[in-house]
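What follows is a short report on a single structure.
The values are calculated or read from the model by the stated rules, or taken from the named source; none is laboratory data. Everything numeric in this text was worked out from a predicted model, so none of it was measured. All Cβ positions, glycine included, derive from the backbone under ideal geometry; neighbour counts span all protein chains shown. To get the accessible areas, we keep the full protein, side chains included, count just its heavy atoms, and leave off ligands, DNA and RNA. Shrake-Rupley method; radii C 1.70, N 1.55, O 1.52, S 1.80 Å.
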Amino acid sequence: MSSTDRYDAEAVERKWQAEWAAKGTNAFTKDELERADEPYYNLMMFPYPSAEGLHIGNIYAFTGADVHGRYWRLQGKTVFEPIGFDAFGIHSENYALKVGTNPADLIPRNVENFTRQLTRMGGMYDWTHTVDTTDPKYYRWTQWIFLKLYQGGLVERRNAPVNWCPSCKTVLANEQVVGGLCERCDTAVEQRQLPQWFFKISQYAERLLDNIEKLDWSDTTRKAQANWIGRSEGAEVDFSIQGGSGAVRVFTTRPDTLFGATYMVLAPEHPLVDSLTTAACRAAVDDYRTQVAKRDLVERKKTDKEKTGVFTGGYCINPMTGKAIPVWIADYVLMEYGTGAIMAVPGHDQRDFEFATVFGLPIMRVIAAPGEDANTALDSAYDGDGTLVNSGRFDGASVEAGKRAIVADLAKRGAGEAKVNYRLHDWCVSRQRYWGPPIPMVHCERCGAVPVPESELPVLLPRVEDFKPDDSGVSPLARVKSWYETTCPQCQGPARRETDVSDTFLDSAWYFLRYPSADRDDVPFDAELTRKWLPVHSYIGGNEHAVLHLMYSRFVTMALKDLGFIDFEEPFAKFRAHGLIINEGTKMSKSRGNVIVPDALIDKYGADTVRVYLMFLGPFEQGGDYRDQGIQGPHGFLTRLWQSVLDANDVAPDPVVERKLHQTIRQVTEQIPNLQYNTAIAAMMEYLNVVRAGGRTPRRAEVAPLVLMIAPFAPHVAEELYQRLGHNESLFASARWPVFDEAKAADALLDVGVQVNGKLRARVQVAADADEAAVRAAALANDNVSRFVDGKTIRKAIYVPGKLLNLVVG
RNA sequence: GCCCGGGUGGUGAAACUGGUAGACACAAGGGACUUAAAAUCCCUCGACCGCAAGGUUGUGCGGGUUCGAGUCCCGCCCCGGGCACCA
């Protein structure tokens, strides 16, 4: 054997990557996309191109998705597998600040490096249809989407709190606030109110929730989405203000406990706080409100701190008891949920109970559990089921019936109504930052906020050398006078551009619509191509995006459908979340210094080995533990496969090997579409062991199908072996997935376990068509079985055909 | 606190719908081939008892259902991830 016949992964991979690029094996022309017979859009979450390059987690995810795409391609589908770069955002911006470079210079270098690495891993990417969210040709259409939603009445400008670091003089994202302090300078973070742009996603809450059950998505992801939307059924109830006009409206899920509402609590920011506050309480209320405003948003939401609050001096009337109850303010009531005000029922809500205990407010029982009555003392809130007590004419009703009856009563009197509330709140898309697409709006003193005309898109992000945040509290763009000074598109008067940029999540909320039409500059997405290729057939990505990215993508898709731009409302027919890779039992992180460097691994073993190993580690949807030594297994496997194909002769396949082959094809064919890659690979290893058992010489017909089956995992070596088996064209362009023959997969003899009283005593071999009597005879003929049966009566026999016989004796 | 995962040999992990636990692989040990090494091939490999045949035991813990439980039910413990005062 000459040295050129040794498995040289590097040479093989170089050769085939060049071949694919030269022949355009994985790229589609517009015409090809339009004419595809069986389109299959295989999408994976595009990466943020960091300066460090692809990490093993990216590679794991992309490989798993690529295996999926290559499999369907071999099954005859036209698989479109694009990749792009999600390059805007705070990560790039902060990193650029840290190293003192402009992100506009940094990103192209990172993209180039990522492209090199992705190519090197052997992904089946169509590089003629890629996107870069920072390219004006892309973000022009991100801005277009903003405008379309604006025109559709789905965008609104309103004040909202942001985290503010008084020392860095900048707005912070929630994750930049650590323990109430700025992560960079440890200064206490405050809240500031700024006008921001919102997408009214909450209008879609019901549809977003209802559609979930129709989606073929990972269960965990669907549950996360449902929880995030957080539907809760209850009622809104008016508590009229004593000695004043109007009422305070609250949302409650427990209208049945209304008789137990002994006080009320408003969020400190609630608009009625001012009018409810009496002169005597004014100072304390103002003081408390200032303190709350000072705290950052993250700290505000901590649940484990002691309840605080102050009395406003005002009273409202409980619509059921007619009694006046005091109105307090406290930071445990949030302005953004419900109506920003609650009726407190300390007897049956733990938070209210704690608050009432701290401030000595009355606690009343209005629900009695079985065995309790109206006078049973409460030492904590009781939130279980039971019957109403201390509730006038509603006494004796169940919780369920009480809810209905009290809501009906309130409705009759015009004091309340049934109401469904959602946790999901509107999407704030404003970022007081530099590295993002400028929001395409103009502020005119006369006309107010005016959208930039479509014909003037893109609103280019100017190159700004000094994009460090300053104390203005607004985007760095607000310092670039030459940029923000403009004229009003409506009245031509002097105007000022919106200087905030949009959220990165907006960039990624529509990129899948762009890919097929990435080469079009006249439209964001071609109508025909979109109809043909979307919704996405398969989407694979991390569970860290299970909520926001997927939710926003669904929302944008729904909105675009309602606006008449597309004819479907769910973007991803199928979604699967992949697991995480850990290293020797511990999480990988830069600080631990245990990050696996993919380039070094590929240098040593080749991309094919790395791909197979990553997919072999554990179930793809659960992740796995990367162990350095383990890679030897897959590497040896590919080496043996190589050797076996080169050594193969033309003798007809051995029947025993052939049976195993068909069983293997069956298993692998079933498991790959379900992402059960680890066991599919194990089956192929097992088969190759049979082919090579005892050092026998493999036959060509025994190994040729294995070359095809390993191709999704190890595409380069598969191509090379396919060629050496005598084919001229690329395997992926010409080969078809092997088909198994059920008859040939069937075993002639079956191994049946024999139990006596549930304990395994023997295994007997019987003909595949043996009936129960035959199995029983064979079992009783077995010494070890008769040992346990002799002298006893067989009371019962359970026979699982072809598998197991259990004799119950006694 | 709540919602998801998960807990099986020395290790990563398999196990269809309740039916022969530990496939496949790593590591370890032994052997063949070789001048040697590499590569390749073969054997052993949960624990305990036994020369063996075989037996007992074993899937985080405690109960239960069943002819039969890693798998189902009830009650716990531990690990990982996400959400978190949501009224």
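The trypsin sites (Lys or Arg not before Pro) of the stretch A:616-683 that meet both conditions, a loop assignment by DSSP and at most 15 other Cβ atoms within 10 Å of the site Cβ, are A:Arg627. Using the Cβ-Cβ distance between A:Asn674 and A:Arg736 with R0 = 30 Å, the FRET efficiency computed as 1/(1 + (r/R0)^6) comes to roughly 0.90.
Between the alpha-carbon centres of the stretch A:272-292 and the stretch A:548-600 there is a gap of 45 Å. Beta bridges assigned by DSSP with both partners in chain A are antiparallel in approximately 75 percent of cases. Modelled spin labels at A:Asp385 and A:Ala283, positioned 7 Å past Cα toward Cβ, are 5.3 nm from each other.
Ignoring lysines fewer than eight residues from A:Lys660 along the same chain, the ones with Cα atoms less than 22 angstrom from its Cα are A:Lys744, A:Lys803.
Per-residue ellipticity at 222 nm computed for chain A from its helices equals -11000 deg cm²/dmol, with DSSP H segments shorter than 4 residues left out and the rest contributing -39,500 (n - 2.57). Solvent-accessible area of A:Tyr382, all protein chains in place: 60 Å² (probe radius 1.4 Å, heavy atoms, ligands and nucleic acids excluded). Applying 0.36 nm per residue to the separation of A:Ala774 and A:Asp470 and subtracting their alpha-carbon distance, the gain on full extension is 100.7 nm.
Stretched out straight at 0.36 nm per residue, the stretch from A:Val651 to A:Asp567 would grow longer than its current Cα-Cα span by 24.6 nm.
Measuring only protein heavy atoms, the 1.4 Å probe finds A:Val536 accessible over about 0 Å². Annotation: average projected area of the stretch A:699-784 is 8.8 square nanometres, based on the convex hull of Cα atoms across all directions.
When the Cα convex hull of the stretch A:748-809 is projected onto planes of every orientation, the mean area is 3.5 nm². Measuring gaps between exposed loop sites in chain A (GluC sites (Glu not before Pro); DSSP loop; at most 13 other Cβ atoms within 10 Å), the longest gap, sites not included, is A:53-212. Summing charges over all other residues whose Cβ lies under 14 Å from the Cβ of A:Gly585, with Lys and Arg as +1 and Asp and Glu as -1, gives 0. Per residue, the accessible area of chain A comes to 43 Å² when a 1.4 Å probe rolls over the protein heavy atoms. With R₀ fixed at 35 Å, the C-beta to C-beta distance from A:Lys574 to A:Gln643 puts the FRET efficiency at about 0.35. For the pair the stretch A:210-230 and the stretch A:109-156, the centres of their Cα atoms are 26 angstrom apart. I need the calculated FRET efficiency for the pair A:Gln75 and A:Glu233, taking r as the beta carbon distance and R₀ as 51 Å, to the nearest 0.05. After rounding, the FRET efficiency stands at 0.65.
What a 1.4 Å probe finds exposed on chain A is 50% carbon and sulfur by accessible area, rounded to a whole percent. Inter-label distance, A:Ala449 to A:Asp105: 3.6 nm, where each label sits 7 Å from its Cα along the C-beta direction.
Once both labels are positioned 7 Å from their Cα atoms along Cα-to-Cβ, the gap between A:Ala188 and A:Lys137 label points is 5.2 nm.
Once the gyration tensor of the Cα atoms in chain A is diagonalised, the equivalent ellipsoid follows with semi-axes of 58, 42, 23 Å, ordered largest first. The stretch between A:Arg116 and A:Gln622, if pulled fully straight at 0.36 nm per residue, gains 179.4 nm over its current Cα-Cα span. Summing charges over neighbours of A:Lys744, with a neighbour being any other residue whose Cβ is under 14 Å away from its Cβ, gives -3 when K and R count +1 and D and E count -1. Once all protein chains are placed together, A:Ile342 keeps about 40 Å² accessible to a 1.4 angstrom probe. Cross-link pairs exceeding 30 Å in C-alpha to C-alpha distance, out of A:Lys137/A:Lys604; A:Lys481/A:Lys561; A:Lys98/A:Lys604; A:Lys98/A:Lys200; A:Lys30/A:Lys148; A:Lys307/A:Lys590, comprise A:Lys137/A:Lys604; A:Lys481/A:Lys561; A:Lys98/A:Lys604; A:Lys98/A:Lys200; A:Lys307/A:Lys590.
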